[in-house]
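Report on the structure given below.
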Amino acid sequence: MENNENQSENQNPTQKQNTFETTYKTVSGFEEQKAKLGFGKTVVLPFFCGVVGTAVVIGTCFGIPQIREKIVGNQTVANTESATTSGNNLNTNLVSLANYSDTGVGVANKVRPSIVGIKVEYVVNSLFNTSQTATASGSGIIISEDGYILTNNHIVNSSSSSSFYELGKASKVTITLYNDETEYEAKIVGTDEQTDLAVLKIEKTGLTAAELGDSDSIQVGEFSMAVGNPLGLNNSVTAGIISAVDRKVTDSDGKTFTLIQTDAAINSGNSGGALVNSKGQVIGVNTLKLQGTGVEGMGFAIPINATKDITAQLIQYSKVKRPYIGITGIDLDQKTAEYNKLVVGIYIKEVEDFSAAQKGGLKVGDVIIEADGTKVTTMDELNKIKNSHKIGDELKLKVNRNGQEKEIVITLAEQP
């Protein structure tokens, strides 16, 4: 085929023109047909056969995978697989919720057997000297297999009152266990209003105690699940994230708590239930939520680490033993201090009889400005330092009395 092509290229212009004219003219006569056949045998037929042969060889080679791979390798296939793999990874990482779903299912299955429903009956004393029975519901966390249950103080020891009625401690408390419709009557072991915690006890063994986590290690943004009995709907779970840690929150009674904030839905009846992490460990006791127009997804839980010592004392003593100073104080900021010609600090408004404060020499009108060498300006700051001590420890105070600074050492007593 190559020889014929070379010969054709070597023809002079006159020959090429003659060949063209001959080919063209043979259309209507015998001699012209004869010329056409001669050109086909010498040029066209061999060229056509060569093209067909080449196509067959190339098609055969690329049609058989083994031959194709030897010629061009597996680059195209590799590229395709790479694209497919990349696409799969993209879908798995950004779209698939399988891991999140599995985490939620696993956590719920682990924790729900350790959460109980609490039903409380109160005696309501009205203004007209009549009594009625009211009920409320909440949640609790099993902390031992022999029936100890951790919950909120406000569930079993309500201080709610108005001009028309007054509620006292619960007159009856019953517990409902997971997948058990039996109501078990519970005993109130101990309550602590300051931390809003309480411990109950039912006479039953073989219970599933919750695994307690480390609330000091939690991070903003990590998975959280609230488990409890909102609105009496037993064993409900809601999920979200940790929105904040060490959040200062003041309740309607003026008490300030340091709490975990979460956007997992917490509703009435969730109080006393568990806030858990992705390992199914309890990291908090659900206790508060913000509600009102424009408020959504703001629930709060007591850090579980802050409950451990309290729980142990409630079980052992039925109360929490705390060191006690025995004063009533007023926080003085710069403006208030200047107006009253005092210094910034804690103004002592009252000193209790026979208290550590009285025995140590504190007097009404003193302004506490330091505790254990640290400046203090609020009762919260003073209480934090005091609570770092044990009953019987000495607490060093610096006070301003009539414009003069004075060092006073008191021995902390037990809070009555």
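The values are calculated or read from the model by the stated rules, or taken from the named source; none is laboratory data. Nothing here was measured: the structure is a model prediction, and the numbers come from that model. Backbone-built Cβ (ideal geometry, glycine too); neighbour counts: all protein chains shown.
Could you tell me which residue of the stretch 376-401 is surrounded by the most Cβ atoms within 10 Å (Cβ to Cβ), considering only residues that are without any contact (Cβ under 8 Å) to a residue 12 or more places away in the chain and over 15 Å from I327 (Cβ atoms)?
As a first pass, look at the stretch 376-401 and keep what is without any contact (Cβ under 8 Å) to a residue 12 or more places away in the chain: 381, 383-384, 388.
Retained after the next criterion (residues that are over 15 Å from I327 (Cβ atoms)): 384, 388.
Numbers: K384: 14, S388: 12.
The selected residue is K384.
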With a cut-off of at least 1 residues that are closer than 22 Å to G138 by Cα and among the basic types (K, R), name the helices (runs of 4 or more DSSP H) lying wholly within the stretch 251-366.
305-317
Quick check on the stretch 185-208: of everything there that is free of Cβ contacts under 8 Å to residues at least 60 places away in the same chain and part of a strand (DSSP E or B), which residue is nearest to K119 (Cα to Cα)?
E185
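Restricting attention to the stretch 301-308, does a residue exist that is within 16 Å of the chain's Cα centre (by Cα), modelled with pLDDT under 95 and under 19 Å from V111 (Cα atoms)?
Step one: list which residues in the stretch 301-308 are within 16 Å of the chain's Cα centre (by Cα), which gives 301-304.
From what's left, modelled with pLDDT under 95: none.
No - not one qualifying residue is present in the stretch 301-308.
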Go through (1) surrounded by 17 or more Cβ atoms within 10 Å (Cβ to Cβ); (2) in contact with a Ser or Thr (Cβ under 8 Å, 6 or more places away or on another chain) for D192 and report which single condition fails.
(2)
Against the condition closer than 24 Å to F300 by Cα, polar (S, T, N, Q) and modelled with pLDDT under 85, how does S131 come out, does it pass?
no
What pairs come up if the first residue lies in the stretch 330-341 and is within 13 Å of V376 (Cα to Cα) and in the same structural domain as K363 (by TED's automatic domain parsing), the second is surrounded by fewer than 12 Cβ atoms within 10 Å (Cβ to Cβ) and not small (G, A, S), and their beta carbons are under 7 Å apart, counting only those six or more places apart or on different chains?
I330/K349
